[in-house]
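To start, the structure itself, in structure tokens.
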């Protein structure tokens, strides 16, 4: 899938994207892994590239506050709507570039991003280190001493063990070797109740070849997904 595909998905098919991410991590492994990294209870959180609120809506019930930003208006509108339906008041959404966030320095205990920084890389391949570096610098800027920066990215869709796209491994090495992030990985498999539903979502997003990766079980249709988590104390 090329960059135009993903741009079109984010801008013009935000509802389809949201249907996809709502089906991910049916076993709840991500929040368990995050809670083992940092005590989110009452934490002040700034989220980069929040999309349609995949992570935001899971963090909101337990944190002190969360400011969630995304560059794509149609994506953040969906996140905003879902957060309003939660009847909570400890959140704020906005449109912002991860390389220049509209929040003060040292305002958060945690800065977090999910599945968005590698897009910065792929959209700025001519100078990706500079652009990705700006986003990481922004994370470190907004976190107060003793807090944590957390990056979440794919390690392979349709894979049962980590096998990330070759291009992304360059970014992941950059996280670890140039910015001193530690890393771990988990499974965040997609689950769909019906095969037709899985085909209607996965095909347009990931391509028809991904349909061969389905695992049909009694509990539904499963598409394996490996997810990496990188973290660094500030």
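Got at least one residue in segment 83-98 being under 30 Å from residue 209 (Cα atoms), at pLDDT 95 or above and surrounded by 16 or more Cβ atoms within 10 Å (Cβ to Cβ)? No, that holds for no residue. Scanning segment 105-128 for residues that are over 11 Å from the mean Cα position of the chain (by Cα), part of a loop (DSSP other than H, G, I, E, B) and touching a residue at least 24 places away in the same chain (Cβ under 8 Å) returns 105, 106, 107. You will find that of 133, 146, 156, the residue that is under 18 Å from the mean Cα position of the chain (by Cα), in a strand (DSSP E or B) and surrounded by fewer than 22 Cβ atoms within 10 Å (Cβ to Cβ) is 156 and no other. Can you confirm whether segment 185-207 contains a residue that is outside any helix (DSSP H, G or I), more than 14 Å from residue 19 (Cα to Cα) and free of Cβ contacts under 8 Å to residues at least 24 places away in the same chain? No, because not a single residue in segment 185-207 is outside any helix (DSSP H, G or I), more than 14 Å from residue 19 (Cα to Cα) and free of Cβ contacts under 8 Å to residues at least 24 places away in the same chain. Give the residues of segment 102-117 that are surrounded by fewer than 22 Cβ atoms within 10 Å (Cβ to Cβ) and touching a helix residue (DSSP H, G or I) at 6+ places or on another chain (Cβ under 8 Å), sorted by residue number. Those that are surrounded by fewer than 22 Cβ atoms within 10 Å (Cβ to Cβ) and touching a helix residue (DSSP H, G or I) at 6+ places or on another chain (Cβ under 8 Å): 103, 104, 105, 106, 107.
Among the candidates 165, 145, which residue alone is at pLDDT below 95 and farther than 18 Å from residue 69 by Cβ? Among 165, 145, only 165 is at pLDDT below 95 and farther than 18 Å from residue 69 by Cβ. Contact annotation: residue pairs with Cβ atoms under 9 Å, 6 or more positions apart or on different chains, pairing a residue in segment 208-234 that is in contact (Cβ under 8 Å) with a residue 12 or more places away in the chain and on the phi > 0 side of the Ramachandran plot with a partner that is buried (at least 17 other Cβ atoms within 10 Å of the Cβ) and assigned to a strand (DSSP E or B), are 220/191; 220/192.
Only one entry in 33, 50 is touching a strand residue (DSSP E or B) at 6+ places or on another chain (Cβ under 6 Å), closer than 22 Å to residue 187 by Cα and not in a helix (DSSP H, G or I), namely 50.
The values are calculated or read from the model by the stated rules, or taken from the named source; none is laboratory data. All values derive from a computational prediction rather than experimental measurement. Here Cβ is always computed from backbone atoms with ideal geometry, including for glycine, and neighbour counts include all displayed protein chains.
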